[in-house]
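The values are calculated or read from the model by the stated rules, or taken from the named source; none is laboratory data. Please read all numbers here as calculations on a predicted model, not as lab measurements. Note that we place each Cβ from the backbone using ideal geometry, even for glycine, and neighbour counts take in every protein chain shown.
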Amino acid sequence: MPEIILETGRLILRTEAPGDLAFWLEHMNSPLVLRHLGGPREPHAMEAARAIFEHGFTRLGMDKIYGQTSDSNIASWRMMERLGMRRRHDLDYVDPDYPPQDNPTIIFEIAKAIL
């Protein structure tokens, strides 16, 4: 059973559940998902990212938070840049769980001092 980590007014962040990866791979970046998120400039994605920053930096006392996405997911990595995250080329990797068109996985970082 997934554990709920935090909730905002509209979103629930939870741990991964069995079967999530297969579901995500099937639906990731589909028009329906992108409509639900509202695109990178809309509130759902930004709200989720800001909630993660708040939770990690304030409640957990983390100094840095990392995000990852596919190099081909331009909207996602541009959103991370708008959030003040910086690309960490040295941490990029090929993820065997994802198809070739969704590789490499690229990593971004934000430090508490940036916010």
Qualifying residue in the stretch 68-78 (condition: loosely packed, with under 15 Cβ neighbours inside 10 Å and charged (D, E, K, R)): yes
Of residues in the stretch 60-85 being touching a residue at least 24 places away in the same chain (Cβ under 8 Å) and in a helix (DSSP H, G or I), the one farthest from Asp102 (Cα to Cα): Arg82
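Conditions (1) modelled with pLDDT of 90 or more; (2) surrounded by fewer than 14 Cβ atoms within 10 Å (Cβ to Cβ); (3) out of contact with any helix residue (DSSP H, G or I) (no Cβ under 6 Å at 6 or more places or on another chain), marked per residue:
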position	(1), (2), (3)
Met1	no, yes, yes
Arg10	no, yes, yes
Glu16	no, yes, yes
His44	no, no, no
Ala49	no, no, yes
Thr58	yes, yes, yes
Leu91	yes, yes, yes
Pro100	yes, yes, yes
